[in-house]
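Computed from the coordinates by the stated procedures, all read-outs in this text should not be read as laboratory data. As the structure is a prediction and not an experimental result, all values here were calculated from the model.
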Amino acid sequence: MGRSRTNTLVKVNGEVVSGNYSADSTSPSNSRTPTPKHSKNLSIKDNSNGALNTINDNNRQQQTCPSCLNPQRRFIILKLVFIGVCLIDILHWAYLLRDDSNENPNSWRFYKRFQSFDLYYLVARMFADIFTCVLGLGAAMWTRKPILTLPCTTIQLLFLIIRGVVWAVRLFRKGFAKLNATNEDKIFVLCEFLLPLIWAILSILIVHAMKKLRAFEQLHGYAHPPVIILTLKNDDNDESVQIEIA
C-alpha cells in the first residue's frame, strides 16, 4: 500500500513554477490515471505587465462604443492629422524663405525690421519643429512611448508664451498700422500662435490616444497573452504529460 508522488511543473513565460500532489496507488480510480488534487503550492504567474489587472471602468465603456470610434481608428486618424500638420508646417517654413524681391518681398524681410531676437526665434522654432514635432511625435507614435512627446509639448508652449508677451508689448507700443505689415506678414504672425498651439494639442491627444489604445488592446486580447505549459510527471513510472494553454 503506497502512495505515488506527482510533480506538477507549470512554465509561464520562461519561468517554471512547481507544485506537488499525491494520490493513493491502491485506489481504483487512481490506479491508471491519477487525478491531481489542487495544491496550494501551485501558482501561475502572469508577467504580461498586469494586462488584466489594469482594466477599469473606461475599458468597459469601450465595449459599447461603435467600431468606427474605437481607439485603433482614433489613433489612425491622429496619424493622418499628424502627417497633414507636418506638410503644413514644412510649407509654412518654405514659403517664409522663398525667393525675395523688391516687388514681392517675403516675410523674412518683415522680421528683419525688428531686433535680431526675432530672427533667432525663427531659426530656433524651425529646428524645434523638425526635431521635437516632426521627428519626436513620429517616434512617439512609432514606438508607442508617450515620454517622447514631452519635448514637443514643453517647447511649443514655451514659444507660445514668449511670442505672446513679445507681440503684446510690440502692438501696445506701435500697433500693426505703423509696422507696415502686409497680409502675408499678418498670416505668418498668426502662424506663430496657431502652429505651436496645434502641435501642443496634438501631442497631448497622441498621449491620450496611446493610453486608450493600450487599454483597448489588453481588453480585447490583442496584447498576446502568455503561453502556459503544464507538465504532469509521475515519480513511480516516470510518465509525464504536457498540456499547452494559449
Checklist entry - How large is ³J(HN,Hα), in whole Hz, for each residue of segment 114-122 in order, when computed from phi with the Karplus curve 6.51 cos²θ - 1.76 cosθ + 1.60 and θ = phi - 60°, using x for Gly and Pro? => result 8, 5, 5, 4, 5, 5, 4, 4, 4
Item to check | Reduced Cα scattering model of segment 67-125, Debye log10 I(q)/I(0), q = 0.18, 0.19 Å⁻¹ | outcome: -0.73, -0.77
Next on the checklist: Return the equivalent ellipsoid semi-axes of segment 68-219 as a descending list in whole Å, where each equals the square root of 5 times an eigenvalue of the C-alpha gyration tensor.
Outcome noted: 35, 15, 13
